[in-house]
Amino acid sequence: MAALLETKDVTIQFGGHTAVDHVTVDIAEKQLTSIIGPNGAGKTTFFNLLSGQLSPTSGEIYFRGQNITKLSPTKRSRLGIGRSFQITNVFPNLTVLENVRLAVQSKRKVRYQMMAHFLHYKEFKEEAYHLLEKVLLIGKADTVAANLAHGEKRKLEIAMLLALDSEVLLLDEPTAGMALEEVPAIIEVIEQIKKQHEQTIVLIEHKMDMIMDLSDDVLVLFHGELIAQGSPQSIIANDIVQSAYLGGMYNEQLS
Amino acid sequence: MSSFLEVSHVRANIEQYHILHDISFHVPKGEVTVLLGRNGAGKTTTLRSIMGLTPVIAGEITFKGEKIRNQKPHLIANRGIGYVPEDQGIFHDLTVGENMRVAMKKENEETKERMDWILDLFPDLKKFWNKPGGQLSGGQKQMLAISRAYVNDNELLLIDEPSKGLAPIVVEKVMDSIHQMKERTTILLVEQNFMMASGIGDRFYIIDDGQTVQQGQMNELKQDGVLLQKYLGIS
Amino acid sequence: GETEESGAEGGETIKIGVLASLTGALEAYGQQTKKGFELGLEYGTDGTMEVAGKKIEVVYEDTETDPKVARQKALTLLEDEGVDFLVGSSSSGDTLAVTPLAEEYEKVMVVEPAAADGITGAEYNDYVFRTSRNSSQDAVSAAAAIADEGVKIATLAPDYAFGRDGVSAFKTAAEDLGAEIIHEEYADQTATDFTANIQKILDADPDYLYVVWAGANTPWNQIVDMQVQEQGIKITTGVADRATLPMMAPLVGMEGFTLYYHTLPDNEVNDWLIEKHQEKHGEAPDLFTPGGMSAALAVIEALKQTEGSTDSAELIETMEGMEFATPKGTMTFRPEDHQALQEMYAVTLVESDEHDYPVPELKKVLTPEETAPPIMNGK
Amino acid sequence: MDVLFSLAINGLATGMLIFLLAAGLTLIFGLMDVLNFAHGGLFIWGAYTGVWTYQMTGSFLGGIVTAIGVGLLLGLVTERFIVRPVYGSHVQQILITLGFMLVLQECIKVVFGPDQKIVSPPSYLEGSFIIGEIVFINYRLFIIAVGFLIYFAFYYLFKKTRVGLIVRAGVMNKEMIQSLGVNIKLVFLLVFMVGAALAALSGMLHAAYSGVIYAEMGLEFSILAFIVVVIGGMGNFKGSLLAAILVGLTQAFMAYYVPALSLATNMLLMAIVLVFRPQGLFALR
Amino acid sequence: MNLAQVEKSTWVYVAISFLLFVVPFIATGRSVQFLIIQIFVFGIFAMSYDLLLGYTGIISFGHVMFFGVGAYSTAVLFDRFDPTMLTFALAIIISGVIAGIVSLIVGVLTLRLKSHFYAMLTLALAGLFLVGAEKWRKLTGGSDGFTFGLPDILRDSFALYIVSALSLVLIFFGLRRMTKSPFGKVLVAIRENESRTESLGYQVLHYKVIVSVVSGIVASYSGVLYILSLRFVDTSVFATDLTIDVLLMTIIGGVGTLIGPIIGASLIEFAHHWLSDLSDVHWIFERWIILYGTIFILIVVFFPKGIVGTLVDRFYKWRARRT
Ligand SMILES: Nc1ncnc2c1ncn2[C@@H]1O[C@H](COP(=O)(O)OP(=O)(O)OP(=O)(O)O)[C@@H](O)[C@H]1O
Ligand SMILES: Nc1ncnc2c1ncn2[C@@H]1O[C@H](COP(=O)(O)OP(=O)(O)OP(=O)(O)O)[C@@H](O)[C@H]1O
Ligand SMILES: [Mg+2]
Ligand SMILES: [Mg+2]
């Protein structure tokens, strides 16, 4: 399968600390790749490198064979790399609907239009509503984003990412803090995308059952290094993953 | 006999919205009590009301027999209640060490001991002692938030979703640590991770739409398939 | 505006609008002008507030030292109050924002105490007469007080129009008298430290240091601290209002000049002013009080000569070359640029028994001819 | 060489004076993040009341004590009634503190009259002496000493206590610091009062330095203080001190060597620093 | 455009605009007209400021530099050339171009900075403009300033009134449309969360520079009108006081609303005018500035989001409570 995103020896250092250490991976097109690893292993940092929030100290990043190492987040987003954030990152004083609408507007490339009234673009709003429905947030469309409960913000975050409709979706712990009963709905959304076979998803999660169910491919980061890559089953059998990431309780559960 | 922490018929509004309608529960000393419920049910708001951060318009909250409803947050905190907020409340520009230092109410032998225990629990914090809190990874921030509440000799801890963003092995450590503290400290927990909740909880309450709708012993809940399915979507 | 009515029943009235900074940074000056103007009217009309059978009405407006407000107030005066004369104001900017209105409404404006040369120079118009001295007159007086063949002079002035103009006028006048300007130093007026500037003056080693200064942040302390006088450099400057005298205590013995100090002029009008001012306000008149009075006297004298006519053409013709008695002796409006030629005073700063601050002592009256500034309106 | 030294020492003194001015703002603006445009008002009230006492009693020290007392009191009033409702909102802070500034400034004129007031240092601090070719001005040496004294006092305070941390934490997340058992309102109040007292003290010291005080001087000098706090790096005493000295020295040397630009010194300096080091010279955040 | 789609508020504004043109037939006094012209001028200036502060979340302490550029371009042109309408047109164009270039350079230089630092840098640049005007006396006349002639039409207060009113109305509707356009929505997004806007695929710096150029040009135009009404120019057109004034007007009216700054400008101009007139009523009011300052304090207390902002808020709450 063709690699959509590739990194070559990507490294980033913060002061003396190497957060991502010579990582070389291929992320296959239209697949769901998961990244796991202990806290502070460099998963989010790796996302930041892919999406352009950070630029690597050394190494290169390719998207469809094009070197994008030096491109800004904006440019990468326009190329088709969209992301959600681990720490909720929305427009706090705008309504939920407006948050999503802004993302839709960007996708439709209406960026510097100063003359037309925004209501002129009704379909943006409709699309935004549609997305809110998908993530079970339709009832909160007119709530100001700052007033959402934590789990609701996570859903909004996902809706905004979906709105961008980008080729690559980078999802950073989308379900952290989401209620047990609502996680399935989100998984459902992800599964649907997977089924459509149109978008490439990269997922960071600490929920192992989700990883096992959804992933085609799993990457394991450890102290910034890529220590394993493979199918979910092979990864879970990995000793280091077992001892240093999952710990005893998970084993008990498995057995 | 009034229990350790008693919340009865609490109602709270945020601006013009009624968020809590009728919240009642009690937390016995030395136990771990867990609040469960879906997103937006009002769990966080309940903890904030206890802390004095969200004003209560009706009902009563007593701690060790004393009314603490709508007292100033710092007075409530100084009664020996620690709080780990949902959004972690890290002081981003302060280093990990400074974050800890700000939290310390006293600096004595006991605190020092506890500090060693904490750093043992979360070695990452030691490693990044001089790093600004804002630069930590999501999970590291969560560890820091928990540690800040551990560093003082609190009688009651309110912890909002501690497992969020933590690697499975760290979740285990946090559970361990709660077990260890149980002798001295009572804990009120909001948790979405049922494995963790059921692993350490003694009692549970389910909150739905601003009301406490169910309560009971954790062991019972684990067995009760109907309840699990109805409120927690677990089958 | 604030109206003071008095005088004859019935008959026509003549309305005068006075613009001054009654609040803000130049408040003190504005108040002096106002008091002087009031007393001027009283003196000029012998207390009747009437001239040529018409009663006089005055409206005072506060310009707040803001050109926009000045213009707004001037319009109010010209339009709503329908004044026949404008008088004012405390700052040159305020004044320049108003003089075109005087021309437009064809009303005579007596400028007092704004000093910028431009008012009777580049920005001159026929309706403007100035009773206050202009910056060049200051400079010429200063030169007259110290300049002589072979005297070496350095200058220190704030780095903006007032300082620059003052120095350049002084330079011309002093060089005419044979002196040599060996160093010009300009300082940031808002700075707190002038020692570097003073250091350079010390390096130049002149006989005299001529200081042009206005505003509150003064260099005097530092001139003393840097022991300028001890190093054989004599200081000279214009003596300003009473509030600044205590600051000049360390400069006792200094030779300089002033446009007014109440003990200096020796004439009836001044005697009357001192007495009345003491009676009314409990203190002696200050720097710009006689100016305010002179403005009033100029207006009254003009009206007397036109027999109460407020026709502007007639007034202008009358006032050009008009002589009128003021607390500073007889002033004359020069026909070419309508600048009043007037006495200035060369003084020495001496300690005083009465006050805990030094006072200027008359060295020599500089006659109007001696201090006549160049004509700068191209006529 | 002598000139260099003389410029340096006078520049240093100016810098110290500016530091005193900026010290209060370092607390209020730098640390507490309050855009306090009324700072100049605290400054003039310190100057006027201090000078009044000094001239009534003849005691310079009395004047200083009065200024500090008035500063504390005004700080209390300002924090409690003006600033407290608007923490966190710069836009509201600008409006309300500017309004209060006008009130403070105008009240000076009501109480003390509109005229400027003349002051001189006490006899024991007056005058100057010459060593070699260099002139040492006594009062400036005194200012330098006071400046260092205050700097070290606060350096020590922040080193030894949690005050600095608590204030910074409180600005970042007020609810959290309260939940940790800190009465942040009280801390803010006290820190604000100390900042106000520093402003008032510097007003008094400045009065005797420049020899004259007037109501409008407040706003003029507070802009300078803002500049120093920003280019020093917000909330950092060391940064403020060094930035203030930098401003003082630059002013002195520019006035001597590049007089044509001396009018623009402060602004140029600030523009250059911010273009090349946008976070200020010694950023804390 | 379908008339039915036009927002209700637009009709209200259109109606008010028409009223503006009736006013000079009622208030014929020149001093009243001058006062209202000042409100228009500062209304325009404040709207341009609100574009930065209210819509994009940028606090600038140097906005006066554009105002001053407009003022001096006009004054110098009228001083050097024959005062004709052609010169006026030239003045508008030249000042717009200079302001555009200046704001482009300033924007590119400064807009990368964060809040306080940006504010202080603009303060510094405006300060340098002031010093420049002070130093370049051949052109500017320094702090003494100079007066200049105007074409006969513009000397007429009524004509100037119409010109200013028309400018205000056109600029108001123009900017309103801009803030309601997709572009304007992105500005608001930038105000709320810059980095998030970036990761949605918007180039934040471009937006900021564009908005600062638009704002600079509008501000310079208000400077042009100001100087026409004053017919005298001095360095005070670069004074920080003016930035503070416009800041106050914007905040008092309510940031993030365009009508707010206009109301703020009216309030400040009128309050100033009336309060200072009070001093004749009773000596107590000689210190009217105390009252003036107190008004600011009270506005923060009773209208925390500015007058318009707070009223709009209350209206929404009231509506929410009814439903
Ligand atoms: N901006 C930054 N400056 C300095 N260090 C940073 C920065 N961002 C991340 N780090 C450090 O890099 C390491 C990797 O962080 P990262 O956020 O990528 O971890 P993570 O794998 O996402 O962990 P988690 O599961 O806890 O979210 C951590 O040790 C963190 O402290
Ligand atoms: N400031 C506010 N204004 C309006 N509504 C609010 C505000 N804060 C919270 N809410 C609403 O109150 C409800 C309860 O919120 P709360 O944060 O207590 O939920 P929660 O049970 O903790 O949810 P989660 O599991 O997602 O954290 C939510 O529906 C939320 O939208
Ligand atoms: Mg992470
Ligand atoms: Mg919650």
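Rule-based calculations on the coordinates, nothing more; no lab input. Everything quoted here is computed from the prediction, not taken from an experiment. Cβ atoms come from the backbone with ideal geometry, glycine included; neighbour counts cover every protein chain shown.
Within the P(r) computed for the protein assembly as shown, what percentage of the Cα pairs occupies the region above 50 Å? Could the numbers behind the result be given before it?
Working: 454401 of 1090026 pairs.
Pairs farther apart than 50 Å: 42 percent.
DSSP loop (so not H, G, I, E, B), at most 12 other Cβ within 10 Å: list which trypsin sites (Lys or Arg not before Pro) in the stretch E:57-141 pass both filters. Numbers along the way, then the final one.
Values: sites: E:ARG80, E:ARG112, E:LYS114, E:LYS135, E:ARG137, E:LYS138; in loops: E:ARG112, E:LYS114.
Hits after loop and neighbour filter: E:LYS114.
For chain E, set up a Gaussian network in which alpha carbons nearer than 10 Å are linked by springs, and say which option among E:PHE81, E:PHE158, E:PHE303 fluctuates the most. Most flexible of the set in this elastic network: E:PHE81.
Just how large is the dipole of the protein assembly as shown about the Cα centre, in debye to the nearest 20, putting +1 at every Lys and Arg Cβ and -1 at every Asp and Glu Cβ?
7240 debye
Label sites at E:LEU90 and B:GLN229, each approximated as a point 7 angstrom past Cα along Cα to Cβ, lie 8.8 nm apart. Charged neighbours of E:GLN38, selected by a Cβ distance under 14 Å, balance to +1 (K, R count +1; D, E count -1).
Charging the Cβ of each Asp and Glu at -1 and of each Lys and Arg at +1, and nothing else, the dipole of the stretch E:167-318 about its Cα centre rounds to 780 debye.
Sparse packing (at most 15 other Cβ atoms within 10 Å of the Cβ) combined with a DSSP loop state is found for the following chymotrypsin sites (Phe, Trp or Tyr not before Pro) in the stretch A:74-138: A:TYR112.
Size of the dipole of the stretch B:89-235 about the Cα centre, Lys and Arg at +1 and Asp and Glu at -1 on the beta carbon, nothing else charged, in debye to 20?
Numbers: 17 positive and 22 negative charges, 70 e Å.
That gives the stretch B:89-235 a dipole magnitude of about 340 debye.
For the stretch B:66-138 versus the stretch E:141-175, the spacing of their alpha-carbon centroids is 62 Å. Bridging of D:LYS109 to aspartates and glutamates at a Cα separation below 14 Å is possible for C:GLU27, D:GLU216, E:GLU286, once same-chain residues fewer than 8 apart are set aside. With a cut-off of 12 Å on the backbone N, no residue of the stretch D:239-262 is near the modelled label site 7 Å out from D:PHE276 along Cα-Cβ. Identify, among B:PHE122, B:GLY89, B:THR111, the residue whose Cα sits farthest towards the positive end of the charge dipole of the stretch B:88-154, taking +1 on the Cβ of Lys and Arg and -1 on the Cβ of Asp and Glu, with the dipole about the Cα centre. About the Cα centre, the residue reaching furthest to the positive side is B:GLY89.
Of the listed pairs A:LYS134/A:LYS195; C:LYS54/C:LYS304; A:LYS75/A:LYS107; C:LYS200/C:LYS363; C:LYS234/C:LYS363; A:LYS8/B:LYS131, which have alpha-carbon separations greater than 19 Å here? From A:LYS134/A:LYS195; C:LYS54/C:LYS304; A:LYS75/A:LYS107; C:LYS200/C:LYS363; C:LYS234/C:LYS363; A:LYS8/B:LYS131, over 19 Å: C:LYS200/C:LYS363; A:LYS8/B:LYS131. The convex hull around the C-alpha trace of the stretch E:29-238, projected and averaged over every direction, spans 11.3 square nanometres.
Between D:ILE44, D:PHE100, D:PHE60, the Cα set farthest toward the positive side of the dipole of the stretch D:1-115 (charges on each charged residue's Cβ, about the Cα centre) is that of D:PHE100.
In this simple spin-label approximation, A:HIS22 and D:ALA145 carry label points 7 Å from Cα along the Cα→Cβ vector, and these lie 6.3 nm apart.
Each residue of the stretch C:365-373 was assigned a 3J(HN,Hα) from its phi angle through the Karplus curve 6.51 cos²θ - 1.76 cosθ + 1.60 (θ = phi - 60°); the sequence is 7, 8, 6, x, 5, 4, 9, 4, x Hz, with glycine and proline shown as x. Coupling constants for the stretch D:151-168 follow from the phi torsions by the Karplus curve (6.51 cos²θ - 1.76 cosθ + 1.60, θ = phi - 60°), and in residue order they are 4, 5, 4, 6, 4, 5, 4, 6, 6, 8, 10, 8, 3, x, 4, 4, 5, 4 Hz; glycine and proline get x. Between the stretch A:224-238 and the stretch D:74-117, what is the C-alpha centre distance in whole Å? The distance from the Cα centre of the stretch A:224-238 to that of the stretch D:74-117 comes to 64 Å.
Using only C-alpha atoms and all pairs of different ones, pull out the Kirkwood radius for chain B in Å with one decimal. Final number for the Kirkwood radius of chain B is 18.1 Å. Placing unit charges on the Cβ atoms of the charged side chains and taking the dipole of chain E about its Cα centre, the candidate lying farthest along the positive direction among E:ALA75, E:ILE101, E:LEU275 is E:ILE101.
Under a Gaussian network description of chain C, with springs only between Cα atoms under 10 Å, the residue in C:GLY88, C:GLY256, C:GLY24 that fluctuates furthest is C:GLY24.
Here the label points at C:GLU279 and B:GLU109, each 7 Å from Cα along the C-beta direction, are separated by 9.1 nm in the simple model. Exposed loop sites were defined as GluC sites (Glu not before Pro) in DSSP loop states (anything but H, G, I, E or B) carrying at most 14 other C-beta atoms within 10 Å; in chain B the longest segment without such a site runs B:16-106. When chain D is treated as a Gaussian network with alpha carbon springs shorter than 10 Å, the biggest mean-square fluctuation among D:ILE18, D:ILE184, D:ILE144 belongs to D:ILE184. The trypsin sites (Lys or Arg not before Pro) of the stretch A:81-113 meeting both criteria, a DSSP state outside H, G, I, E and B (loop) and at most 12 other C-beta atoms within 10 angstrom of the site's C-beta, are A:LYS109.
Just to verify a number: FRET efficiency for D:THR57 and E:PHE315, C-beta to C-beta distance, R0 = 60 Å, to 0.05?
On the way: r = 58 Å, r/R0 = 0.97.
Efficiency computed from Cβ-Cβ geometry: 0.55.
Take the Cβ atoms of A:ASP142 and A:TYR112, set R0 to 25 Å, and the FRET efficiency comes out at 0.35.
Over 24 Å apart at the Cα level, from the set A:LYS43/E:LYS185; B:LYS164/D:LYS185; B:LYS126/D:LYS159; B:LYS43/B:LYS222; A:LYS43/B:LYS164, are A:LYS43/E:LYS185; B:LYS164/D:LYS185.
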